[in-house]
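One structure is given here, and the rest of the page talks about it.
The values are calculated or read from the model by the stated rules, or taken from the named source; none is laboratory data. As the structure is a prediction and not an experimental result, all values here were calculated from the model. Cβ placement follows ideal geometry from the backbone for every residue including glycine, while neighbour counts extend to all protein chains displayed.
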Amino acid sequence: MQCSKCHRDAIVFQPYSGLHLCSQHLTADVEAKAKKQIRAQGGLKPGDHIAVLLSQDQNSWALLYFLKHLTAQRRDIRITAIAIPDGSGNRSDILRAKRFAECLDTEFLVVSLPEESDSRTETCPKENRDPASFPVSRISCSFRLDRFAHLHGITKIAWGLCLDAAAAVVLGNIIRGAGENRVWGNSYQDHLPRICPFISVTALEISLYAASCGCGDEQTIHPEQRDELHKDTIAMLDNYTNKHPATKYALLNLGETLGGPGRGIKGLIQTCAWYGESLRCCCNVSPIPHEVTDGTR
Ligand SMILES: [Zn+2]
């Protein structure tokens, strides 16, 4: 199939736009969406120190690549890659992330998350496994990540959240009946800003973008979802989107609306951070070790 914008072969079809795109035009499309989101999320400012949170999925790797190239001519903006150990003691993922950051000539830090003594470090009680009912006061990881960021002069944390994941959070919150203001973003007002440039890009498009930019990695994975309701929500959403291609964008818009007056996409991002934190806790993922020390390349 031919690209809708040139004569090259298309590598992807966008059902929601009706366009077939070649590699070059897909790259342009992804980067245009990402730049638009950065502007909508407050833009980049002189003196910004942006930490790209590298995880096991390649969304974050593609995001580091994108931000490094976007700011290549900006001497007033610093980009750092950061990674959080999974608590298993297996350092292979950290080492892969470190090597990737080094390939992009980017400073790399391993996040250490020391315990705090306040109530925000309380662990998740077993009786509180529903993200919709999880009290914000008990959420600790994001607060400790903020503390780490402040210690290193980081002004923004960039997160490789994609359209599919954000839409699943919006639908998941609706299914769980979580309509309170705190669920839709108000709880994180004091947090260090999170930016998600890829929030309006599908996971498939990010994957193809990463491959065309040479930053794809066959070892990167989409982390297994262990929350059954969240897993069912994703399956239902994917199935419905096959018949109604614009569904995930509709949910993104709904999430922005529910984010609250004047907050929009920032409110939705905070909701997604809160939701992800809740799922991580509810799924009994290994705790982040406290003894992890800073690592530099
Ligand atoms: Zn083309």
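Give the number of residues within region 257-297 that are within 16 Å of the chain's Cα centre (by Cα) and at pLDDT 70 or above.
Initially, region 257-297 is screened for residues within 16 Å of the chain's Cα centre (by Cα), giving 265-280.
Imposing the further condition that a residue be at pLDDT 70 or above reduces the set to 265-276.
Summing the residues that are within 16 Å of the chain's Cα centre (by Cα) and at pLDDT 70 or above in region 257-297 gives 12.
Identify all residues within region 148-169 that are under 22 Å from Pro46 (Cα atoms) and part of a helix (DSSP H, G or I); write none if there are none.
Within region 148-169, Phe148, Ala149, His150, Leu151 qualify.
Would you check which residues across region 53-110 are of a type outside the set (A, V, I, L, M), part of a helix (DSSP H, G or I) and within 22 Å of Asp146 (Cβ to Cβ) and list them? First the steps, then the outcome.
Let us first name the residues in region 53-110 that are of a type outside the set (A, V, I, L, M), namely 55-61, 65-66, 68-69, 71, 73-76, 78, 80, 85-93, 96, 98-100, 102-103, 105-108.
The next check asks that each one be part of a helix (DSSP H, G or I); those that pass are 58-61, 65-66, 68-69, 92-93, 96, 98-100, 102-103.
Result: Asn59, Ser60.
Of the conditions (1) in contact with a Cys (Cβ under 6 Å, 6 or more places away or on another chain); (2) within 16 Å of the ligand (Cβ to nearest atom); (3) among the hydrophobic types (A, V, I, L, M, F, W, C); (4) closer than 28 Å to Ala97 by Cβ, Trp61 clears all except one; give me its number.
(2)
List, please: which pairs have Cβ atoms under 7 Å, are six or more places apart or on different chains, and start with a residue in region 19-48 that is closer than 19 Å to Arg263 by Cα and charged (D, E, K, R) and end with one that is part of a loop (DSSP other than H, G, I, E, B) and within 16 Å of the ligand (Cβ to nearest atom)?
none
Of the conditions (1) surrounded by fewer than 19 Cβ atoms within 10 Å (Cβ to Cβ); (2) within 16 Å of the ligand (Cβ to nearest atom), Arg99 satisfies every one except a single condition; which number is it?
(2)
Is it fair to say Leu70 is out of contact with any Gly (no Cβ under 9 Å at 6 or more places or on another chain) and not basic (Lys, Arg)? Explain how you work it out, then say what you get.
On the way: out of contact with any Gly (no Cβ under 9 Å at 6 or more places or on another chain): yes; not basic (Lys, Arg): yes.
Criteria met by Leu70.
Where the second residue is outside any helix (DSSP H, G or I) and surrounded by 24 or more Cβ atoms within 10 Å (Cβ to Cβ) and the first is charged (D, E, K, R) and lies in region 55-67, which pairs have Cβ atoms under 8 Å and are six or more apart or on separate chains?
Matching pairs, first to second residue: Asp57/Gly160.
Going through Ala81, Ala32, Ala72 one at a time, which residue ends up being surrounded by 13 or more Cβ atoms within 10 Å (Cβ to Cβ) and small (Gly, Ala, Ser)? If you could, list the steps in order and put the result at the bottom.
Details: Ala32 fails: surrounded by 13 or more Cβ atoms within 10 Å (Cβ to Cβ); Ala72 fails: surrounded by 13 or more Cβ atoms within 10 Å (Cβ to Cβ).
None of the others qualify; the one that does is Ala81.
Just for region 1-47: of the residues that are assigned to a loop (DSSP other than H, G, I, E, B) and under 22 Å from Leu268 (Cα atoms), which one is nearest to the ligand (Cβ to nearest atom)? Don't jump to the end; show me each part of the working.
Pass one, region 1-47, residues assigned to a loop (DSSP other than H, G, I, E, B): 1, 3-8, 10-11, 15-18, 22, 41-47.
The next check asks that each one be under 22 Å from Leu268 (Cα atoms); those that pass are 16, 41-45.
Details: Tyr16: 18, Gln41: 28, Gly42: 31, Gly43: 29, Leu44: 28, Lys45: 33 Å.
So, considering only residues that are assigned to a loop (DSSP other than H, G, I, E, B) and under 22 Å from Leu268 (Cα atoms), the one nearest to the ligand (Cβ to nearest atom) is Tyr16.
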